[in-house]
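Single-structure report; data block below.
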Amino acid sequence: MSNNTISIAVSKGRIYKEALPLLAHAGITPIDDPEKCRKLILDTNDPEVKLVIIRATDVPVFVNYGAADLGITGKDTLMEYDGTELYEPLDLKISPCKLMVAGPKGKDFLNTQGRLRVATKYVNTTKRYFTDRGIQVEIIKLYGSMELAPMVSLSDCIVDLVDTGNTLIANGLEATDHVCDISSRLIVNKASMKMKHDRIKQIIAQISDAVKA
């Protein structure tokens, strides 16, 4: 990609699909369909704008190190990342959900004697949440099937994203504590903001108008 190219890293799946109308408002429409091709860098109707389709957890890494100028990913991912070379100028108000503490229904697991065992993939956020409340925890990092952990006594509770809550209910769990609201955010590499300031500011303004609309 040339020095004039604007690259935007976007999380695969739901976030990508919900971001498309916002990008379209900024005059950016992908020519390629990531579900029908194996390309990871998608061409758009603007020859100087490319979309980089990657995992959500990789988006802030690409932006922080300048491999992408902008990125779109969830706030949950950004809360876990400690990079210093990115801005977060815009809440896109898409892919909303909640980060919650959940455990076996009817059990007062937060008052368990001793250290509370918590299963989550959000290690840093979970540590901060319970530390702020003076609760000692042992974090067990999992990457999936979080609801299974309390069912097999691997943990006392979990911290995970909750949308409808149906998966919790189906597995005998209930959400008890609200950690924070989550939505997708636009992030920008600091160096790119300086070097490509006018074009990036234009994109931010156009996407912001779409969010307000």
**Study point:** Using alpha-carbon coordinates, inclination of helix 14-25 to the longest axis of the chain, degrees
**Key:** 30 degrees
**Study point:** ³J(HN,Hα) computed for each position of segment 68-85 - Karplus, 6.51 cos²θ - 1.76 cosθ + 1.60, integer Hz, glycine/proline x
**Key:** 9, 7, 10, x, 10, 7, x, 4, 4, 5, 5, 5, 8, 9, 10, x, 10, 9
Practice item. Determine ³J(HN,Hα), in whole Hz, for all residues of segment 176-190 in sequence, where each value follows from phi through the Karplus function 6.51 cos²θ - 1.76 cosθ + 1.60 and θ = phi - 60°; x replaces Gly and Pro. Key: 10, 9, 8, 7, 5, 7, 10, 8, 7, 10, 8, 10, 9, 5, 4
Exercise for review: Would you be so kind as to identify which of ALA170, TYR65, MET193 lies farthest towards the positive end of the dipole of the chain, taking Lys and Arg as +1 and Asp and Glu as -1 on Cβ and the Cα centre as origin?
Suggested key: TYR65
Exercise for review: With 30 Å as the limit, write out which pairs from LYS12/LYS141; LYS39/LYS127; LYS39/LYS141; LYS50/LYS212; LYS39/LYS190 have Cα-Cα distances beyond it, or answer none.
Suggested key: LYS39/LYS127; LYS39/LYS141
Exercise for review: Note the angle between two axes, namely the Cα long axis of helix 197-212 and the longest principal axis of the Cα atoms of the chain, as a number of degrees from 0 to 90, rounded to the nearest 10.
Suggested key: 60 degrees
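Need one number: % antiparallel among DSSP beta bridges in segment 97-181, to the nearest 5. Before the final figure, lay out the partial values.
Numbers: 12 of 20 bridges.
Around 60 percent of the beta bridges assigned by DSSP in segment 97-181 are antiparallel ones.
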Check your understanding: Once amide H atoms are built 1.01 Å from N in the peptide plane, which residues 5 or more positions from LEU142, or in another chain, come under 5 Å H to H?
Key -> THR120, LYS121
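Under unit Cβ charges (Lys, Arg +1; Asp, Glu -1), what dipole magnitude, rounded to 20 debye, does segment 97-181 have relative to its Cα centre? Walk me through the numbers before you get to the answer.
Values: 10 positive and 10 negative charges, 54 e Å.
Once rounded to the nearest 20, the dipole reads 260 debye.
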Point to revise | Nearest 10 degrees, 0 to 90: helix 123-132 Cα axis against the chain principal axis | key: 60 degrees
Study note, to complete from the structure: Toy charge model, Lys and Arg Cβ at +1, Asp and Glu Cβ at -1: the chain dipole around Cα centroid in debye, rounded to 20, equals 180 debye
Point to revise | Long-range amide H partners of VAL49 with built H, under 5 Å | key: ILE6, THR44
Study note, to complete from the structure: Taking placed amide H atoms and a strict 5 Å upper bound, the residues 5 or more places from ILE94 or on another chain that come that close are SER184
Point to revise | Among 65-78, 161-174, the order from most to least packed when residues are scored by Cβ within 10 Å on average | key: 65-78, 161-174
Check your understanding: What's the center-to-center distance, using Cα atoms, between segment 138-213 and segment 99-129 in Å?
Key -> 17 Å
Point to revise | Selected from VAL137, LEU86, MET151, residue furthest toward positive end of dipole (segment 53-172; charges at beta carbon) | key: MET151
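Only the coordinates and a few stated rules stand behind these numbers; no lab work does. Since the model is a prediction, treat every value here as computed from it, not as a measurement. Using ideal geometry, Cβ is built from the backbone for each residue, glycine included, and neighbour counts are taken over all protein chains shown.
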